[in-house]
Amino acid sequence: MEKIKNQYICSLGLTIDLIGGKWKLMILWYLIEESKRFTELKKSIPDISQKVLTEQLRELESSKIISRKVYATVPPTVEYSMTKYGESLIPILNDLCEWSKKYASENNIKI
């Protein structure tokens, strides 16, 4: 699991440590509208392994960007949702999505 440092030379360094990598933005994208269980996230992102999804969720939870709620059921049900920090990323995620669509359109890339 990544460690968040106490000091960065650039604010983007912290951003990369918090939400960088191959999967974190996609995980957050799928949590925008509603809480999701692990299996729902896995189905939404089929190329991610269970191990990596677990690691990424733990890192996002540790960074207080998402929260994990465990229900007292058998077997236990766990749901992930955005915290206030996660919700503050929604406009940024929407802007990144629009930027990607425009870039893809201008460069003949299918999305």
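Throughout, read-outs are computed from the coordinates displayed, never taken from laboratory work. Since we're looking at a predicted model, the values are computed, not measured. When we count neighbours, we look across all protein chains shown, and the Cβ atoms used for this are built from the backbone with ideal geometry, even at glycine.
Put the Cα centre of segment 41-79 next to the Cα centre of segment 92-108 and the gap is 27 Å.
Using packing as a proxy for protection, rank 32-45, 62-75 so that the peptide with the highest average count of other Cβ atoms within 10 Å comes first.
Final packing ranking: 32-45, 62-75.
From the square roots a ≥ b ≥ c of the eigenvalues of the alpha-carbon gyration tensor of the chain, which class results: rounded (a/c under 1.5), prolate (a/b over b/c), or oblate? The shape class here is oblate. Panel order for ASP17, ASP47, by other beta carbons found within 10 Å of each beta carbon, from fewest to most: ASP47, ASP17. Mean residue ellipticity, 222 nm, helices only, the chain: the sum of -39500 (n - 2.57) across DSSP H runs of n ≥ 4, divided by residue count and rounded to 500, is -15000 deg cm²/dmol. Using the Cα gyration tensor of segment 1-50, with a ≥ b ≥ c the square roots of its eigenvalues, what is the shape: rounded (a/c below 1.5), prolate (a/b larger than b/c) or oblate (neither)? Taking the square roots of the gyration eigenvalues as a ≥ b ≥ c, segment 1-50 is prolate.
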